[in-house]
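Colleague: Sending over a structure as structure tokens; questions will come in a sec.
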Amino acid sequence: MTEASVLALIQLILTPHIGNVTIKAALTQELSLSELYTLNAKSLKSLGIFNDRQIKQIVEKNFDILKLEKVIAYIEQTKIQVIPYTDPKYPTALKQCHDAPAYL
């Protein structure tokens, strides 16, 4: 996962009203998560995975920037590897669970 993709995933995680199911749906879209925050409301709506409240949060980039910086710094400092649901390294057995996490 690229640094831009990790950043975008953390942004999505920190965006209010967006949960695990929506994040997994976003991960399965053909566009990269780093493109997500460049889209306008109409384009986000056309993806068919976000409700109006979530779209507003994404368009306004409504996430805690300080928390984002802390999380990214921690990931870099501890050399944590973020594995999204769509990554081949994500455990196959875990994917079979209906409530599998969107990322590890």
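The values are calculated or read from the model by the stated rules, or taken from the named source; none is laboratory data. What you see is a predicted model; the values in this text were computed from it and never measured. For neighbour counting, all protein chains shown are included, and Cβ atoms are generated from backbone atoms with ideal geometry for every residue, glycine included. Side chains included, ligands, DNA and RNA excluded: accessible areas come from the protein's heavy atoms. Shrake-Rupley method; radii C 1.70, N 1.55, O 1.52, S 1.80 Å.
Colleague: Only one residue in Lys61, Lys56, Lys70, Lys45 is under 25 Å from Tyr90 (Cα atoms), open to solvent by 90 Å² or more (accessible area, probe 1.4 Å) and not aromatic (Phe, Trp, Tyr), so which one is that?
Modeller: Lys70
Colleague: Separate question: Within the set of pairs 6+ apart or on separate chains, which have a first residue in region 26-49 that is free of Cβ contacts under 8 Å to residues at least 40 places away in the same chain and among the hydroxyl-bearing types (Ser, Thr, Tyr), a second that is assigned to a loop (DSSP other than H, G, I, E, B) and open to solvent by 90 Å² or more (accessible area, probe 1.4 Å), and C-beta atoms under 7 Å apart?
Modeller: Tyr37/Lys61
Colleague: Another one. Considering only region 21-41, state which residues are open to solvent by 60 Å² or more (accessible area, probe 1.4 Å) and either outside any helix (DSSP H, G or I) or in contact with a helix residue (DSSP H, G or I) (Cβ under 9 Å, 6 or more places away or on another chain) (or both).
Modeller: Thr28, Glu30, Glu35, Thr38, Asn40
Colleague: Would you mind stating whether Tyr103 is aromatic (Phe, Trp, Tyr) and surrounded by fewer than 16 Cβ atoms within 10 Å (Cβ to Cβ)?
Modeller: no
Colleague: Run down Ala73, Ala93, Ala102 and say which single residue is of a type outside the set (Lys, Arg) and touching a residue at least 24 places away in the same chain (Cβ under 8 Å).
Modeller: None of the others qualify; the one that does is Ala102.
Colleague: Let me ask another. Considering (1) surrounded by 15 or more Cβ atoms within 10 Å (Cβ to Cβ); (2) farther than 15 Å from Met1 by Cβ; (3) modelled with pLDDT under 90, say which one Ile18 fails and leave the rest.
Modeller: Against the list (1) surrounded by 15 or more Cβ atoms within 10 Å (Cβ to Cβ); (2) farther than 15 Å from Met1 by Cβ; (3) modelled with pLDDT under 90, Ile18 comes up short only on (3).
Colleague: Going by the conditions given, is Lys56 closer than 18 Å to Ile18 by Cβ, assigned to a helix (DSSP H, G or I) and touching a helix residue (DSSP H, G or I) at 6+ places or on another chain (Cβ under 7 Å)?
Modeller: Taking the combined requirement at face value, the residue does not satisfy it.
Colleague: Please verify whether region 81-89 includes one or more residues that are of a type outside the set (Lys, Arg), open to solvent by 60 Å² or more (accessible area, probe 1.4 Å) and closer than 16 Å to Thr28 by Cα.
Modeller: yes
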